[in-house]
Amino acid sequence: MSVRAQVLKFLVVGGANFWLTMAIFLAALRWLQFHYLLALLTSWFLGMLFTYTWNYIWVFKPSERFQFGRNFVKYLMAGSVSIGLNLIALRLLVETWALNPFWAQMVLIPFIVTFNFLTAKFWSLRQGKPSP
């Protein structure tokens, strides 16, 4: 599959994940009264499960058989770095510049998406070399 097709599919999965995680984030903030960082972690974890599944079976297809294993561990590691950077940046934007947590997160999304695509394509969900 071409890189262009992978980017487009990744963006579709990411778009669906965006709406899912933002709904969870807002519900956790407003209805459950979670601290904004806990709301982000909650939505991130559920989004990781969603995106791993769809990126594995539809976008990158590192193998024919879907599995939770080494790829999932690598995906979670990359996601952990991503969420760590996201948490730091969100906290800085909210506490240093007094931005609304929701809008601050909106500003960060393009950076996080780019990081996530690159780590999935070139590391956690990279296709193995075909056997001779």
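Helical content of the chain, expressed as a calculated mean residue ellipticity at 222 nm, amounts to -25000 deg cm²/dmol (DSSP H runs of 4 or more residues, -39,500 (n - 2.57) each, divided by residue number, nearest 500).
When you restrict to C-alpha pairs under 8 Å that are six or more residues apart and normalise by the size of the chain, the relative contact order lands at 28 percent. Maximal additional length on extending the residue 58-residue 37 stretch stands at 4.5 nm, based on 0.36 nm per residue less the C-alpha distance. Phi angles of the range 94-111 translate, via the Karplus equation with coefficients 6.51, -1.76, 1.60 and θ = phi - 60°, into HN-Hα couplings of 6, 8, 8, 10, 6, 6, 4, x, 5, 5, 5, 5, 4, 5, 7, 3, x, 5 Hz per residue; Gly and Pro are given as x. Amide H to amide H, with H built 1.01 Å from N, residue 34 comes under 5 Å of 29, counting only residues 5 or more places away or on other chains. Database remark: amide H of residue 99 closer than 5 angstrom to the amide H of 94 (H placed geometrically; neighbours at sequence offset of 5 or more, or on other chains; Pro and chain starts carry no H). Per-peptide packing, taken as the mean over residues of other Cβ atoms within 10 Å, places 50-57, 112-119, 62-69, 29-36 in the sequence 50-57, 112-119, 29-36, 62-69 from highest down. Relative protection proxy for 102-108, 74-80, from highest mean packing down: 74-80, 102-108 (other beta-carbon atoms within 10 angstrom). Can you pull the one-decimal nm distance between simple spin-label points at residue 70 and residue 23, each 7 Å off the Cα toward Cβ? The modelled label-to-label distance comes out at 3.6 nm. FRET efficiency for the residue 7 to residue 111 pair, using the beta carbon distance and R₀ = 22 Å, is estimated at 0.90.
Converting phi to 3J(HN,Hα) with the Karplus coefficients 6.51, -1.76 and 1.60 and the offset θ = phi - 60°, the range 49-58 yields 4, 5, 6, 4, 4, 6, 5, 5, 7, 10 Hz in sequence order, with x at every glycine or proline.
Coupling constants for the range 21-33 follow from the phi torsions by the Karplus curve (6.51 cos²θ - 1.76 cosθ + 1.60, θ = phi - 60°), and in residue order they are 6, 5, 5, 5, 4, 5, 4, 5, 5, 8, 8, 8, 6 Hz; glycine and proline get x.
Rule-based calculations on the coordinates, nothing more; no lab input. All figures in this text were calculated on a predicted structure; none of them were measured in a lab. As a convention, Cβ positions derive from the backbone with ideal geometry for all residues, glycine included, and neighbour counts pool all protein chains shown.
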